[in-house]
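Asker: The structure's right below; bear with me while I get my questions together.
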Amino acid sequence: MKNRKAIESIFVVALMLPTILVGARIAVAQGPEFTSSFMFKKCRGFSSAGRNPFFILKPGFQKLLVGKEDGKEVRLTITVLHQTQTINGIQTRVVQEAETKGGQLVEISRNYFAICNRDNSVVYFGEDVDIYENGQIVSHDGAWRAGVRGAKPGIIMPGTVLLGARFFNEVAPGVALDRSEIISLSEVVQTPRKKFKNCLKIKEMTPLEPGNVGFKFYAPGIGLIQDNVVKLVSVSTVDDDDDDDD
């Protein structure tokens, strides 16, 4: 009888070991796998404006990050627009990223995010992408939307950050499969703006481009402050011409 109870206890513990997801919150981080399925139905709805400690969806919030690559200046401007977009039945906030290199526009993307009401995770519902060469659009590579061709939303920033957490940002088979691993919670990052403490360091990769690895740093209350070679230069509030609807 005692042996049977012991076996049952071991079985129960074994069942509790895998990663546990409550809503979209990563409760346990372990093992080599990246979480790609999230219980978004438990979010009790989504908000298209707000913030979590490391990601801001406040309309008008803008950041400029600057760096150098191949001897040319790279500028990344991130703007939370007043515009929203309904993706797969969810009203999302449009966040525009405009990148230039050597003074030439290379990419504009319109990213669609919303915050899970239950756990404050920022959910990524897709993006529209324009790739430029010599002032002309030449590609839309990487564009995807949840609900189209099997694509599903992913997590861009968990509501509860946990060292070692691994999760997919984008779940668009064959198109966009970026995934993240939180590798530090206590980084100190010097930027042209200021020195930031207690920053997240996130390793990003994709099975679509094996060996292509990038690193991003997020500061509390600000969000992204470094994306590979570019670092935060300024933070501001701007108006845009988009209406606050689709």
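Throughout, read-outs are computed from the coordinates displayed, never taken from laboratory work. Not measured: the values here are computed from a predicted model. Cβ coordinates were reconstructed from backbone atoms using ideal geometry, including for glycine residues, and neighbour counts include every protein chain displayed.
Asker: Checking Glu127 against (1) surrounded by fewer than 18 Cβ atoms within 10 Å (Cβ to Cβ); (2) free of Cβ contacts under 8 Å to residues at least 60 places away in the same chain; (3) of a type outside the set (Val, Ile, Thr): exactly one of these is not met. Which one?
Answerer: (1)
Asker: Could you list, in sequence order, all residues of region 201-236 that are part of a loop (DSSP other than H, G, I, E, B), touching a residue at least 24 places away in the same chain (Cβ under 8 Å) and not aliphatic (A, V, I, L, M)?
Answerer: Step one: list which residues in region 201-236 are part of a loop (DSSP other than H, G, I, E, B), which gives 206-213, 220-222, 228-229.
With touching a residue at least 24 places away in the same chain (Cβ under 8 Å) added as a condition, the list becomes 206-208, 220-222, 228-229.
Thr206, Pro207, Pro220, Gly221, Asn228, listed by residue number.
Asker: Quick one: is Asp178 surrounded by 16 or more Cβ atoms within 10 Å (Cβ to Cβ), of a type in the set (Asp, Glu) and touching a Lys or Arg at 6+ places or on another chain (Cβ under 7 Å)? It would help to see each step written out before you state the result.
Answerer: Working: surrounded by 16 or more Cβ atoms within 10 Å (Cβ to Cβ): yes; of a type in the set (Asp, Glu): yes; touching a Lys or Arg at 6+ places or on another chain (Cβ under 7 Å): no.
So Asp178 does not fit the description; no.
Asker: Out of the residues in region 134-145 meeting the condition of being touching a residue at least 24 places away in the same chain (Cβ under 8 Å) and more than 18 Å from the chain's Cα centre (by Cα), tell me which one is nearest to Cys43 (Cα to Cα).
Answerer: If we take residues in region 134-145 being touching a residue at least 24 places away in the same chain (Cβ under 8 Å) and more than 18 Å from the chain's Cα centre (by Cα), then Gly135 is nearest to Cys43 (Cα to Cα).
Asker: Can you say whether Ile115 is crowded, with 17+ Cβ neighbours inside 10 Å and either closer than 22 Å to Gly223 by Cα or small (Gly, Ala, Ser) (or both), as far as the supplied structure shows? I'd like the intermediate steps shown before the answer.
Answerer: Details: crowded, with 17+ Cβ neighbours inside 10 Å: yes; either closer than 22 Å to Gly223 by Cα or small (Gly, Ala, Ser) (or both): yes.
Considered against the rule, which asks whether it is crowded, with 17+ Cβ neighbours inside 10 Å and either closer than 22 Å to Gly223 by Cα or small (Gly, Ala, Ser) (or both), Ile115 comes out as yes.
Asker: I've got another one for you. Given the conditions (1) surrounded by fewer than 18 Cβ atoms within 10 Å (Cβ to Cβ); (2) in contact with a His (Cβ under 6 Å, 6 or more places away or on another chain); (3) among the hydrophobic types (A, V, I, L, M, F, W, C), which single one is not true for Val148?
Answerer: Going through (1) surrounded by fewer than 18 Cβ atoms within 10 Å (Cβ to Cβ); (2) in contact with a His (Cβ under 6 Å, 6 or more places away or on another chain); (3) among the hydrophobic types (A, V, I, L, M, F, W, C) one by one, Val148 breaks only (2).
Asker: Take region 130-170 and flag every residue that is under 16 Å from Glu209 (Cβ atoms) and of a type outside the set (Gly, Ala, Ser).
Answerer: Correct list: Ile131, Asp141, Trp144, Phe168, Asn169, Glu170.
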